[in-house]
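K.L.:
Sending over a structure as C-alpha coordinates; questions will come in a sec.
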Amino acid sequence: MSLFLRNLFFTILQPGVVAGLIPFLLARKNFENAFAGSLQMYHYGGMLVCLVGMGVTLHCIANFAVHGRGTLSPADPTQRLVISGLYKFSRNPMYVGVMLMLVGEAIFTQSANLFVYGIGVFTAFNLFIVFREEPRLKKDFGTSYQEYCKTVRRWI
(Lines give C-alpha, C1' and ligand atoms only; values in the text may rest on other atoms or scores of the structure.)
Protein backbone atom coordinates (compact mmCIF):
# COMPACT_ATOMS: atom_id res chain seq x y z
CA MET A 1 0.00 0.00 0.00
CA SER A 2 2.88 2.36 0.78
CA LEU A 3 4.36 1.87 -2.71
CA PHE A 4 0.95 2.56 -4.28
CA LEU A 5 0.52 5.77 -2.28
CA ARG A 6 4.05 6.95 -3.10
CA ASN A 7 3.42 6.32 -6.80
CA LEU A 8 0.09 8.14 -6.64
CA PHE A 9 1.74 11.11 -4.93
CA PHE A 10 4.60 11.35 -7.42
CA THR A 11 2.26 10.85 -10.38
CA ILE A 12 0.18 13.81 -9.29
CA LEU A 13 3.26 15.84 -8.42
CA GLN A 14 5.37 15.24 -11.53
CA PRO A 15 3.42 14.35 -14.70
CA GLY A 16 0.30 15.86 -13.15
CA VAL A 17 1.95 19.26 -12.87
CA VAL A 18 4.08 19.10 -16.05
CA ALA A 19 1.35 17.73 -18.34
CA GLY A 20 -1.75 18.86 -16.46
CA LEU A 21 -1.60 21.96 -14.31
CA ILE A 22 0.99 24.02 -16.21
CA PRO A 23 -0.56 23.40 -19.66
CA PHE A 24 -3.97 24.31 -18.25
CA LEU A 25 -2.60 27.54 -16.81
CA LEU A 26 -0.75 28.39 -20.04
CA ALA A 27 -3.74 27.75 -22.31
CA ARG A 28 -6.78 28.12 -20.09
CA LYS A 29 -8.65 30.33 -22.58
CA ASN A 30 -7.85 27.91 -25.41
CA PHE A 31 -9.26 25.00 -23.40
CA GLU A 32 -12.37 27.00 -22.51
CA ASN A 33 -12.89 28.07 -26.14
CA ALA A 34 -12.49 24.51 -27.40
CA PHE A 35 -15.19 23.24 -25.06
CA ALA A 36 -17.48 26.24 -25.66
CA GLY A 37 -17.93 25.44 -29.36
CA SER A 38 -18.37 22.30 -31.36
CA LEU A 39 -15.36 20.02 -31.43
CA GLN A 40 -13.42 19.78 -34.69
CA MET A 41 -11.34 16.91 -36.05
CA TYR A 42 -8.12 18.38 -34.65
CA HIS A 43 -9.74 18.37 -31.18
CA TYR A 44 -10.41 14.65 -31.47
CA GLY A 45 -6.90 14.07 -32.82
CA GLY A 46 -5.39 15.98 -29.91
CA MET A 47 -7.49 14.03 -27.42
CA LEU A 48 -6.38 10.74 -28.99
CA VAL A 49 -2.68 11.67 -28.83
CA CYS A 50 -3.10 12.85 -25.23
CA LEU A 51 -4.91 9.65 -24.20
CA VAL A 52 -2.21 7.49 -25.78
CA GLY A 53 0.37 9.50 -23.84
CA MET A 54 -1.59 8.99 -20.61
CA GLY A 55 -1.76 5.26 -21.25
CA VAL A 56 1.97 5.05 -21.94
CA THR A 57 2.79 7.05 -18.82
CA LEU A 58 0.49 5.06 -16.54
CA HIS A 59 1.79 1.76 -17.96
CA CYS A 60 5.35 2.85 -17.17
CA ILE A 61 4.48 3.99 -13.65
CA ALA A 62 2.86 0.62 -12.97
CA ASN A 63 5.88 -1.15 -14.43
CA PHE A 64 8.17 0.85 -12.11
CA ALA A 65 6.10 -0.19 -9.10
CA VAL A 66 5.68 -3.87 -10.02
CA HIS A 67 9.06 -4.70 -11.58
CA GLY A 68 11.29 -1.96 -10.19
CA ARG A 69 9.81 -1.77 -6.68
CA GLY A 70 9.98 2.03 -6.73
CA THR A 71 8.46 5.16 -8.18
CA LEU A 72 9.00 7.52 -11.10
CA SER A 73 10.60 10.08 -8.81
CA PRO A 74 14.37 10.49 -8.56
CA ALA A 75 13.70 11.02 -4.83
CA ASP A 76 12.28 7.46 -4.57
CA PRO A 77 13.82 5.53 -7.49
CA THR A 78 13.34 1.93 -8.48
CA GLN A 79 15.39 -0.70 -6.70
CA ARG A 80 15.67 -2.87 -9.81
CA LEU A 81 16.42 -1.94 -13.41
CA VAL A 82 13.17 -1.95 -15.39
CA ILE A 83 13.66 -3.29 -18.92
CA SER A 84 10.28 -4.92 -19.55
CA GLY A 85 7.11 -3.67 -21.20
CA LEU A 86 7.64 -0.47 -23.17
CA TYR A 87 11.19 -0.29 -21.80
CA LYS A 88 12.07 -2.98 -24.36
CA PHE A 89 11.61 -0.35 -27.09
CA SER A 90 12.72 2.89 -25.43
CA ARG A 91 14.86 3.65 -22.40
CA ASN A 92 12.54 6.56 -21.61
CA PRO A 93 8.97 5.67 -22.56
CA MET A 94 7.55 7.54 -19.57
CA TYR A 95 9.03 10.79 -20.88
CA VAL A 96 7.69 9.89 -24.35
CA GLY A 97 4.25 9.45 -22.78
CA VAL A 98 4.40 12.86 -21.10
CA MET A 99 5.53 14.44 -24.37
CA LEU A 100 2.61 12.80 -26.18
CA MET A 101 0.24 14.30 -23.62
CA LEU A 102 1.75 17.75 -24.19
CA VAL A 103 1.61 17.40 -27.98
CA GLY A 104 -2.01 16.24 -27.74
CA GLU A 105 -2.91 19.21 -25.56
CA ALA A 106 -1.15 21.61 -27.93
CA ILE A 107 -3.05 20.13 -30.90
CA PHE A 108 -6.33 20.23 -29.00
CA THR A 109 -5.94 23.86 -27.91
CA GLN A 110 -4.03 25.12 -30.97
CA SER A 111 -1.93 27.03 -28.43
CA ALA A 112 1.44 28.38 -29.53
CA ASN A 113 2.32 28.72 -25.84
CA LEU A 114 1.88 24.98 -25.35
CA PHE A 115 3.97 24.14 -28.41
CA VAL A 116 6.80 26.33 -27.08
CA TYR A 117 6.35 24.91 -23.58
CA GLY A 118 6.53 21.38 -25.03
CA ILE A 119 9.84 22.18 -26.73
CA GLY A 120 11.16 23.53 -23.44
CA VAL A 121 9.99 20.46 -21.53
CA PHE A 122 11.60 18.11 -24.07
CA THR A 123 14.86 20.04 -23.83
CA ALA A 124 14.75 19.87 -20.03
CA PHE A 125 13.94 16.15 -20.11
CA ASN A 126 16.82 15.44 -22.47
CA LEU A 127 19.32 17.43 -20.38
CA PHE A 128 18.12 15.75 -17.18
CA ILE A 129 18.36 12.29 -18.73
CA VAL A 130 21.83 12.78 -20.22
CA PHE A 131 23.47 14.60 -17.32
CA ARG A 132 21.66 13.27 -14.25
CA GLU A 133 19.61 10.15 -14.82
CA GLU A 134 21.88 8.09 -17.07
CA PRO A 135 24.98 8.61 -14.88
CA ARG A 136 22.94 7.57 -11.81
CA LEU A 137 21.63 4.46 -13.58
CA LYS A 138 25.17 3.53 -14.67
CA LYS A 139 26.34 3.90 -11.09
CA ASP A 140 23.38 2.00 -9.58
CA PHE A 141 23.04 -0.81 -12.14
CA GLY A 142 26.50 -0.99 -13.69
CA THR A 143 27.06 -3.47 -16.49
CA SER A 144 23.42 -4.47 -16.82
CA TYR A 145 22.43 -0.85 -17.58
CA GLN A 146 25.34 -0.41 -20.01
CA GLU A 147 24.29 -3.56 -21.88
CA TYR A 148 20.71 -2.34 -21.93
CA CYS A 149 21.87 0.97 -23.45
CA LYS A 150 23.59 -0.92 -26.26
CA THR A 151 20.36 -2.62 -27.32
CA VAL A 152 17.64 -0.04 -26.61
CA ARG A 153 17.53 3.53 -27.93
CA ARG A 154 17.20 6.54 -25.62
CA TRP A 155 13.95 7.71 -27.23
CA ILE A 156 12.16 5.75 -29.94
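The values are calculated or read from the model by the stated rules, or taken from the named source; none is laboratory data. Because the structure is a prediction, the values reported are computed rather than measured. Please note: Cβ atoms are built from the backbone with ideal geometry, for glycine as well, and neighbour counts cover all protein chains shown. Protein only, heavy atoms only, side chains kept; ligands, DNA and RNA dropped before computing areas. Shrake-Rupley method; radii C 1.70, N 1.55, O 1.52, S 1.80 Å.
K.L.:
Could you tell me whether any residue of the stretch 130-147 is open to solvent by 80 Å² or more (accessible area, probe 1.4 Å) and not in a helix (DSSP H, G or I)?
P.N.:
Scanning the stretch 130-147, I find no residue that is open to solvent by 80 Å² or more (accessible area, probe 1.4 Å) and not in a helix (DSSP H, G or I), so the answer is no.
K.L.:
Whether any residue in the stretch 112-125 is surrounded by 15 or more Cβ atoms within 10 Å (Cβ to Cβ), in contact with a His (Cβ under 8 Å, 6 or more places away or on another chain) and of a type in the set (A, V, I, L, M) is what I want to check.
P.N.:
Within the stretch 112-125, not a single residue is surrounded by 15 or more Cβ atoms within 10 Å (Cβ to Cβ), in contact with a His (Cβ under 8 Å, 6 or more places away or on another chain) and of a type in the set (A, V, I, L, M).
K.L.:
Any chance you could count how many residues in the stretch 29-67 are open to solvent by less than 60 Å² (accessible area, probe 1.4 Å) and either free of Cβ contacts under 8 Å to residues at least 40 places away in the same chain or among the aliphatic types (A, V, I, L, M) (or both)?
P.N.:
10
K.L.:
Out of the residues in the stretch 1-40 that are over 19 Å from the mean Cα position of the chain (by Cα) and among the polar types (S, T, N, Q), which is farthest from ASP76 (Cα to Cα)?
P.N.:
Per the criteria, the residue is SER38.
For every residue, the table says whether it meets (1) within 20 Å of GLY55 (Cβ to Cβ); (2) without any contact (Cβ under 8 Å) to a residue 12 or more places away in the chain.
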site	(1), (2)
VAL98	yes, no
GLN110	no, no
ASN126	no, yes
PHE131	no, yes
LYS138	no, yes
GLU147	no, yes
LYS150	no, yes
ARG153	no, no
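K.L.:
Residues that are in a loop (DSSP other than H, G, I, E, B), in contact with a Pro (Cβ under 7 Å, 6 or more places away or on another chain) and more than 16 Å from TRP155 (Cα to Cα): does the stretch 37-44 have at least one?
P.N.:
No, there is no match, as no residue in the stretch 37-44 is in a loop (DSSP other than H, G, I, E, B), in contact with a Pro (Cβ under 7 Å, 6 or more places away or on another chain) and more than 16 Å from TRP155 (Cα to Cα).
K.L.:
Given the conditions (1) in contact with a Leu (Cβ under 7 Å, 6 or more places away or on another chain); (2) open to solvent by less than 40 Å² (accessible area, probe 1.4 Å), report the number of the one that LEU26 does not fulfil.
P.N.:
(2)
K.L.:
So for the stretch 76-84 (the condition being polar (S, T, N, Q), surrounded by fewer than 14 Cβ atoms within 10 Å (Cβ to Cβ) and touching a residue at least 12 places away in the same chain (Cβ under 8 Å)), does at least one residue qualify?
P.N.:
The answer is yes; a qualifying residue exists.
K.L.:
Among what's in the stretch 86-120 and is of a type in the set (S, T, N, Q) and assigned to a helix (DSSP H, G or I), pick the residue that is nearest to PHE35 (Cα to Cα).
P.N.:
Selected residue: THR109.
K.L.:
Considering only the stretch 45-85, state which residues are more than 20 Å from PHE9 (Cβ to Cβ) and either assigned to a loop (DSSP other than H, G, I, E, B) or charged (D, E, K, R) (or both).
P.N.:
If the condition is that a residue be more than 20 Å from PHE9 (Cβ to Cβ) and either assigned to a loop (DSSP other than H, G, I, E, B) or charged (D, E, K, R) (or both), then ARG80, LEU81, ILE83, SER84 are the ones that fit.
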